[in-house]
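**Q** Please see the structure below; I have some questions.
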Amino acid sequence: MKFAYKFSNLLGAFYRHGNLCFSKDGNSVISPVGNRISVFDLKNNKSETLPVSTTKNISCLGISPDGNLAILIDEDGAAVLVSLVTRAVLHHHHFHSPVHSVSFSPDGKKFVITKENVALMYHAPGRNREFNAFALDKSYYGPFDETTCIDWTDDSKCFAVGSKDMTTWIFGAERWANLIYYSLGGHKDIIVGCFFEKDSLDMYTVSQEGTLCVWESDTELEGLRNGNKDDDDVEEIIGEDGETRGDVIKGSTDTPKQVEGIKNVRYSQRSKHYFNKAGDFNKLTAAAFHKKTHILVTGFASGAFHLHELPEFDLIHSLSISDQRISTIAMNPTGDWIGFGCSGLGQLLVWEWQSESYVFKQQGHFNNMNSLAYSPDGQYLVTGGDDGKVKVWNTNSGLCFVTFTEHSSSVTNVAFTSSGFVVVSASLDGTVRAFDLHRYRNFRTMTSPRPAQFSSLAVDSSGELVCAGSQDSFEIFLWSMQTGRLLEVLSGHEGPVSNLCFSPVQSVLASVSWDKTVRLWDMLDSWETKETLRLTSDGLAVTYRPDGQELAVASLDGEITFWNPQTGGQAGSIAGRHDLQMGRKETEKITAKQSAKGKSFTSLCYSADGESILAGGQSKFVCIYNIKEHVLMKKFEISCNLSLDAMEEFLDRRKMTEFGSLSLVDEGTGDGDGVELSLPGVKRGDMSSRRFKPEIRVSSLCFSPTGRSWAAASTEGLLIYSLDASLVFDPYDLDMDVTPASIRQQVKKKEWASAILLSFRLNEMPLIREVLEAVPYDQITVVCSSLPDVYVDKLLNFVASTLEKSNHLQFYLSWAQCLLTLHGQKLFMCLIFRSGAVLPTVQQLLKSIQRHSDDLSKLCDWNIYNIRYAAALSKQRGMKRTAGVRGSLKSLKMS
């Protein structure tokens, strides 16, 4: 078993907080998800989460005009410079206070960040090779309150900054004699957006109360004159070494001093427009403007958005897309697509306004994600959450393709049947529901005679029996999937049933309970208790090994015990409490070390080969143990986000006062909809809205049947960890003569079988691929027949993993066909006696073939339709030509 798993993707979370950005080509949208960023390819319908993260939740991000660089800034002002090409962190910087917005200049030479009441201009990184990638150029002062938004002119000569003091400030990016700073008023609430007109200094400003002001400048961009360095409003910052560190531009309400012979830039209000004329109170929360098409998009707290054409303020259309406030809006470079982010529900939507249709519409679980399960072929994942929804995800695209909302309470457990086309879910609403993935409907609803809250679920290997455990009546209910009838109620436990699991090879059900017992129920012998296993503490989780020959149980004392289900004897145990490494919550009065004594694993999962086991609980770590040696092999830190609770081992003493921790003081809501507690007497807003920190935990774990990845349902979302072949060097039967040079020499001699054996002994994936693709097509059968048995499953495993991403489809399918045809009987015997070694390979091969089959079938269907259309078109043109010839002949005869 190799433990070179690395973070691969984040599912179940599409948007949390911050601003959206589109890529340079406009085909992808970049969204902040907690302390990570995800890139959603709208053309190919795929998602990717970058392997970089910040210390806390991202509050704003900026993309360079060439699309190669991104600046991520978290809640505390810590910035990370990321290359979107290499997916690597290039530089760290700290602004020492929260940053509200960041924006690159259109020419890519500068970028501006706004924090508190100041705007800071930096030289954009990448232009000059220097140690400090963030070099401060100028500091701009003027607003009296916090700044909110930024916009640049098209030629990067000036930029505008909106503020909470209801003013908009225009600053020159260079030393202009006739425009150092200018202040615009006219609003009665916070400025949400300020936008320059295309190739002009004319402006539009939008405020929170729903007012749009149109400003006209008396000067064109070409009319800006260069200024002198001795301006009274400009001061230079001199460093300790005597070098110039930047300028400070101090704006004021007074008119700037006018240079002789040069007239200062002046603005006049051309018009003023209002949203929401009906009078209903609805805050304007986000705005975006596309300069080429003159389209203004505004989002509101009710979840509605409006499209207006400026400067006439003509309404194009309006639509309600959510029940929660729209937090951010972005438009792609062509102006066709509009991206919306709703932080309340975690929604990300992309709307094409011309066709009035959704390009992209995704939403994760807006409450905790409780459980997950892989489909038998590893292509799909199903999750259930506290929001009562069951979602099915495609592991290749990372997107949800169906959501079931029939449950009226929290979904506690989900499972796939052996066919892979039926999803079963248990809920606290007292129902167990079965969903059909062909027709996307709830075709079976199973209930108990008396109302019960189901906390656990299991489906047998045939898909015929469904079991659910109750947490209030301590009973296990057994139904038939075929008829939906209740077959039996299994009684015997004296505490809530915490987990259920069917044996993969026998009709035996294992149930674990808080009564410190594990019961094995025989489904073939009148559903009686076959064996009772005594635990030292309350049982929390139980799972079978893939071959059904071992049982693992997690208990409240932090131990994982292993049992032989045939004899009922204990085979070993692992004391894993110290491996959890709990953090200290802000509300706890005891240390993290003392708190960890009461914590334990709540989820277990065997690897596909049965040699190791995954364990997770109320901690930021997932542990993987070697079962044979009973030792910890590796710990995966699923999150480093300090915006979550229970992340740090020690509390910050600077926040501790005689009245308690300052972090427990509620300063009001974080999204702007709640009541500002600093203003007494204010009645407006949601009185129940408060800022809180969710606690980090892992609620469910599951290994993919292919063995190449595993998933964890956590507070962050659905985390996927995949096997990274590039980090694995695991030679097999290595010798001094086994070198890349000797392997290539065998290829030149056309000793194909020998070259393949040597490449597998060195076990370097690029080299194996090089040797395999050098084998002529007509020699594949000969090479496969001469392979030793020990290398057959290795080659099949390589073919199965390469087939998923390779373009040489027929070539690798021929390898798979020859291997299965010539060595099928031996592989079948291995499948029976040592399923852990071959079964994941076969499932990976099935997954790859099924994926290519789906893609090719769609392509072939599309081509058939195109060919039919072309044939019909040519036939129609031929008929027109024939009619034309006949008409001309007829006219000749008549003449």
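The values are calculated or read from the model by the stated rules, or taken from the named source; none is laboratory data. Bear in mind that the values here come from a model prediction, so they are computed numbers and not experimental data. Every residue, glycine among them, receives a Cβ derived from its backbone with ideal geometry; neighbour counts consider all protein chains shown. Protein only, heavy atoms only, side chains kept; ligands, DNA and RNA dropped before computing areas. Shrake-Rupley method; radii C 1.70, N 1.55, O 1.52, S 1.80 Å.
**Q** Return a whole-number percent for the relative contact order of the chain, with Cα pairs under 8 Å and 6 or more residues apart as the contact set.
**A** 7 percent
**Q** Roughly what angle does helix 752-762 make with the longest principal axis of the chain, taking Cα atoms, 0 to 90 degrees, to the nearest 10?
**A** 70 degrees
**Q** Stretch Gln817-Thr587 to full length: gain in nm at 0.36 nm per residue minus the Cα-Cα span?
**A** Fully extending the segment from Gln817 to Thr587 adds 76.7 nm.
**Q** Then there's this: As I understand it, the value is the acute angle between the Cα axis of helix 809-833 and the longest principal axis of the Cα atoms of the chain; what does it come to in degrees, rounded to 10?
**A** Between the helix axis and the principal axis of the chain, the angle is about 40 degrees.
**Q** For every other residue with a beta carbon closer than 9 angstrom to the beta carbon of Lys56, add +1 if it is Lys or Arg and -1 if Asp or Glu, then tell me the sum.
**A** Result for the neighbourhood of Lys56: -3.
**Q** Now for a different question. If you take every residue apart from Asp522 with its C-beta less than 14 Å away from the C-beta of Asp522, what net charge results, scoring Lys and Arg +1 and Asp and Glu -1?
**A** Neighbourhood net charge equals -3.
**Q** Would you please give the residues with an amide H less than 5 Å from that of Val402, counting only those at least 5 places away or on a separate chain, with H modeled from the backbone geometry?
**A** Val392
**Q** In square nanometres, what is one fourth of the surface area of the convex hull spanned by the alpha carbons of segment 27-74?
**A** 3.3 nm²
**Q** Let me ask something additional. Which listed residue (Gln745, His308, Pro451) has the Cα farthest towards the positive end of the charge dipole for the chain, taking +1 on Lys and Arg C-beta and -1 on Asp and Glu C-beta about the Cα centre?
**A** Of the candidates, Gln745 comes out farthest on the positive side.
**Q** Another question, then. May I ask you to derive the FRET efficiency for Ser83 and His808 from their Cβ-Cβ distance with R0 = 25 Å, giving the value to the nearest 0.05?
**A** Computed FRET efficiency for Ser83 and His808: 0.25.
**Q** Counting only protein chains, not ligands or nucleic acids, how are Lys6, Lys750 ordered by accessible area (probe 1.4 Å), most first?
**A** The most accessible residue leads, giving Lys750, Lys6.
**Q** Further, regarding this structure: Extent of segment 304-434 along each principal axis, from alpha carbon coordinates, in Å, largest to smallest?
**A** Between the extreme Cα coordinates on each principal axis of segment 304-434 lie 59, 30, 19 Å.
**Q** Counting helices only, and only those DSSP H runs with n ≥ 4, report the 222 nm mean residue ellipticity of the chain as the sum of -39,500 (n - 2.57) divided by its residues, in deg cm²/dmol to the nearest 500.
**A** Helix contribution divided over all residues of the chain: -5500 deg cm²/dmol.
**Q** Rg and Dmax of segment 61-179, using alpha carbons, in Å: what are they?
**A** Both quantities, over Cα of segment 61-179: 13.9, 43 Å.
**Q** Considering the convex hull of the alpha carbon atoms of segment 277-372, report its projected area averaged over all viewing directions, in nm², one decimal.
**A** 7.2 nm²
**Q** On a full-extension model of 0.36 nm per residue, what is the gain between Ser318 and Trp862, subtracting their alpha-carbon distance, rounded to one decimal in nm?
**A** Net length gain for the segment: 192.4 nm.
**Q** Let me ask something additional. Dividing the alpha-carbon radius of gyration of segment 400-472 by 2.2 N^0.38 Å (N being the number of residues), what value is obtained?
**A** 1.04
**Q** If you put +1 on each Lys and Arg Cβ and -1 on each Asp and Glu Cβ, how big is the dipole of the chain around its Cα centre, in Debye rounded to 20?
**A** I would put it at about 2780 debye.
**Q** Then there is this: Helix 789-803 against the longest principal axis of the chain: what's the angle in degrees, Cα atoms only, rounded to the nearest 10?
**A** 30 degrees
**Q** Would any residue of segment 788-831 have its amide N under 20 Å from a label point 7 Å out along Cα→Cβ of Asp737? List them or say none.
**A** 788-791
**Q** Suppose the chain between Val489 and Asn68 were pulled fully straight at 0.36 nm per residue; how much longer would it get relative to their current alpha carbon spacing?
**A** 145.5 nm
**Q** Using only the Cα atoms of segment 138-190, each taken as one equal point scatterer with no solvent, compute I(q) by the Debye sum, divide by I(0), and report log10 of the ratio at q = 0.13, 0.14, 0.16, 0.30 Å⁻¹.
**A** Debye curve over Cα of segment 138-190, log10 I(q)/I(0) at q = 0.13, 0.14, 0.16, 0.30 Å⁻¹: -0.30, -0.34, -0.44, -1.24.
**Q** Given labels modelled 7 Å from the Cα in the Cβ direction, how far is it in nm from Gln745 to His91?
**A** Simple spin-label model gives 5.0 nm for this pair.
**Q** Probe radius 1.4 Å, ligands and nucleic acids left out: which of Thr587, Thr536, Thr285 has the largest accessible area, and how do the rest follow?
**A** I get Thr536, Thr587, Thr285, largest accessible area first.
**Q** Where q = 0.20, 0.22 Å⁻¹, what log10 of I(q)/I(0) comes from the Debye formula for segment 740-850, counting one point per Cα?
**A** Debye curve over Cα of segment 740-850, log10 I(q)/I(0) at q = 0.20, 0.22 Å⁻¹: -1.09, -1.30.
**Q** Near Leu820, within a Cβ-to-Cβ distance under 15 Å, what is the net charge of the other residues, with Lys and Arg +1 and Asp and Glu -1?
**A** Charge balance in the 15 Å sphere: 0.
**Q** Can you tell me which of 611-618, 76-83, 443-450 comes out highest on packing, and rank the rest after it, using the mean Cβ neighbours within 10 Å?
**A** Highest to lowest by the protection proxy: 611-618, 76-83, 443-450.
**Q** Now a separate question. Counting only protein heavy atoms and a 1.4 Å probe, tell me what percentage of segment 740-850's accessible area is made up of carbon and sulfur.
**A** Answer for segment 740-850: carbon and sulfur cover 57 percent of the accessible area.
**Q** Starting from the Cα of Glu222, step 7 Å along the direction of its Cβ; do the same at Thr567; then give the gap between the two resulting points in nm.
**A** 9.4 nm
**Q** Can you give me the solvent accessible area of Trp563 with a 1.4 Å probe, rounded to the nearest 10 Å²?
**A** The accessible area comes out at roughly 20 Å².
**Q** Output wanted: per-residue J couplings in Hz (rounded whole) for segment 435-442, from phi through Karplus 6.51 cos²θ - 1.76 cosθ + 1.60, θ = phi - 60°, x for Gly and Pro.
**A** 10, 8, 8, 8, 9, 6, 9, 8
**Q** Would you mind computing, in nm to one decimal, how far apart the modelled labels at Lys46 and Asp522 are, each placed 7 Å from Cα along Cα→Cβ?
**A** Distance between the two pseudo-spin positions: 5.2 nm.
**Q** If R0 is 41 Å, what FRET efficiency do you get for Met656 and Lys634 from their C-beta distance, rounded to 0.05?
**A** 0.70
**Q** Quick check on segment 449-506: what are the equivalent-ellipsoid semi-axes from the Cα gyration tensor, as sqrt(5λ), descending, whole Å?
**A** Rounded to whole Å, the semi-axes are 19, 14, 9.
**Q** For the chain, just the Cα set please: Rg and Dmax, both in angstrom.
**A** 32.4, 114
**Q** If you don't mind, there's one more thing I want to ask. Keeping all protein chains in the complex and leaving out DNA, RNA and ligands, what accessible area do you get for Arg545 with a 1.4 Å probe, in Å² to the nearest 10?
**A** 50 Å²
**Q** Averaged per residue, what accessible area in Å² does the chain show with a 1.4 Å probe, protein chains only?
**A** 46 Å²
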